[in-house]
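For reference, the structure discussed in these notes is given below.
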Amino acid sequence: TGADTTGGRARPVHPAGDEEVLAAADEIELVDIPPTALIERVRGGLVVPARDADSLLDTDFAPDRLIALRERALRLVSQYADRQLAAYLHQQRADRPLEIRPRVLACVSPHPGMDGILHAAAHHASMIDGEFTMATVGAREATGREAAALNHYDVVGRELGAELVRLTGSSVAGQIADYARRNLVTEIILGGPGKGGGRHRTVVRELLRRAPNADIHVIPLAGD
């Protein structure tokens, strides 16, 4: 929220997070104003009472905070527009490649040792100004150690800016390819091969066949 960045005491307009608000909105309109213009309005008493202007220009309306808020707003709206485009193209069954914002998908299994994959994928996404996403595939709901591993990756992923999407199905490659197609994923990052070398190679071959519009990257796991 704005208070997170500005440190202001203003009560938030909506109690939910930015992503929840955008996801629930039918239409979004961004009202943009350069920080310098907003500061002039504050000084002129057009935003807050003139008696409070000086103190607020050092806190809530400080230039660095206004710049950070503006960048965040533009980024969130850009991500929303990207998701709207993906939904539209999926609805229209448009399979032709388009120039869209890069979207990097990290695939994790319910086993320890995949933190490096998430960090590498998130770093790569940031370097290409892309969106970082992550997913796991299982034929059943994970329990015990597998559930603990996935919960751990969910925590790590959230810290890196993504939420773990749990896909259900017997075909790992099929579920990942379907998700990639629906969400216009441009790059898929896998860890491995690890101990399941043969099965892993099969998954990679299937992904190459089923997700031809996405680049496939395989990163060795720690200890391989």
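Any read-out appearing in this document is the output of simple, stated calculations on the displayed coordinates, not a laboratory observation. On a predicted model such as this, the values are computed, not experimentally measured, just so you know. We place every Cβ from the backbone using ideal geometry, glycine too, and count neighbours over all the protein chains shown.
Return V42, V48, V185 ranked ascending by Cβ neighbour count within 10 Å, so the fewest neighbours appear first. Kindly include the intermediate steps, with their values, before the conclusion.
On the way: V42 20, V48 16, V185 24.
Fewest to most other Cβ atoms nearby, the residues stand as V48, V42, V185.
Would you mind computing, in nm to one decimal, how far apart the modelled labels at L208 and R43 are, each placed 7 Å from Cα along Cα→Cβ?
Each label point lies 7 Å from its Cα, and together they span 6.2 nm.
Loop-only trypsin sites (Lys or Arg not before Pro) in region 123-179, please: DSSP not H, G, I, E or B, and at most 12 other Cβ atoms within 10 Å. Spell out each step's value before the answer.
Numbers: sites: R140, R145, R158, R166; in loops: R140.
Answer in residue order: R140.
Give the order of H123, H111 when sorted by the count of other beta carbons within 10 angstrom, beginning with the fewest. Numbers along the way, then the final one.
Details: H123 12, H111 16.
Going from sparsest to densest Cβ surroundings: H123, H111.
If you rank T133, T36, T59, T186 by fewest surrounding Cβ atoms within 10 Å, what's the result? Don't skip to the answer; put the middle values down first.
Working: T133 23, T36 9, T59 12, T186 20.
Going from sparsest to densest Cβ surroundings: T36, T59, T186, T133.
Mind checking the dipole of region 103-219: about its Cα centre, +1 per Lys or Arg Cβ, -1 per Asp or Glu Cβ, Debye to the nearest 20? Please report the intermediate quantities before stating the final value.
Values: 13 positive and 12 negative charges, 113 e Å.
So the dipole magnitude of region 103-219 works out to roughly 540 debye.
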